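Structure first, then comments.
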Amino acid sequence: MSFCDRYAIDVSSVQDKVETKTKPPGFVRQRASTASTSGRAGKAAQQQEESKELFDRRTAALQNLAYSPIKQVLMTSFMMYMAGSNLHFFSILTVINGMYSPVNAILKSGSSFRSIPGSKVDVLTPRILFCGIHLLGFLFALYRVNLMGLLPTHVSDWLSLIHANRVAETSVSSL
């Protein structure tokens, strides 16, 4: 009997005890399901289940990414509203940010919503939703620019020969 044989441990009895213990809630053992199913049909079923789970995770991640700009657009819109429609430095910068951020996000949405070759995950619908939310933010910024009087909407804004319309009434607050 050699020196190493004296200190050998039989692990087969320990393995049986480990498998009989209860698993914690939410624990999924992928290898156990592979061992329990036999043949090619079991492996194909497991691969199909894994691919469905991966498909669901990718779809959920894309939906989360599509809905993520809602808070940002609402906060920027609130800031533009609170800045007012007077021509001040802060209100102009807020509106410029409200116009630049959505356009920049829409232009960069292609890199965020890349489709994976060979995958059947729908990328177009979340991307359209993402761009639509940012488009609403851009339209609100455009509305604020119009309220400030910076949007050229009359013919007199484009042609110098045509005079601007005179305002029939004005109101002045008492001081």
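Inside segment 66-75, can you point out the residues that are assigned to a helix (DSSP H, G or I) and open to solvent by 60 Å² or more (accessible area, probe 1.4 Å)?
Taking segment 66-75 as the starting set, the residues that turn out to be assigned to a helix (DSSP H, G or I) are 66-67, 69-75.
If the condition is that a residue be assigned to a helix (DSSP H, G or I) and open to solvent by 60 Å² or more (accessible area, probe 1.4 Å), then Tyr67, Ile70, Lys71, Gln72, Leu74, Met75 are the ones that fit.
Output the number of residues of segment 114-143 satisfying the condition of being more than 19 Å from Gly84 (Cα to Cα), open to solvent by 60 Å² or more (accessible area, probe 1.4 Å), free of Cβ contacts under 8 Å to residues at least 24 places away in the same chain and not β-branched (Val, Ile, Thr).
So the count comes out to 5.
Considering only residues that are open to solvent by 50 Å² or more (accessible area, probe 1.4 Å) and in contact with a Gly (Cβ under 6 Å, 6 or more places away or on another chain), which ones fall in segment 86-108?
none
Name the one entry in Thr34, Thr59 that is part of a helix (DSSP H, G or I), at pLDDT below 70 and β-branched (Val, Ile, Thr).
Thr34
Quick one: which residue in Ser174, Ser111, Ser160 is surrounded by fewer than 10 Cβ atoms within 10 Å (Cβ to Cβ) and part of a helix (DSSP H, G or I)?
Going through Ser174, Ser111, Ser160 in turn, just one is surrounded by fewer than 10 Cβ atoms within 10 Å (Cβ to Cβ) and part of a helix (DSSP H, G or I): Ser111.
The values are calculated or read from the model by the stated rules, or taken from the named source; none is laboratory data. Since the structure is predicted, the reported quantities are computational estimates derived from the model, not experimental observations. Please note: Cβ atoms are built from the backbone with ideal geometry, for glycine as well, and neighbour counts cover all protein chains shown. Quick note on the areas: whole protein, heavy atoms, side chains included, nothing else; ligands and nucleic acids left out. Shrake-Rupley method; radii C 1.70, N 1.55, O 1.52, S 1.80 Å.
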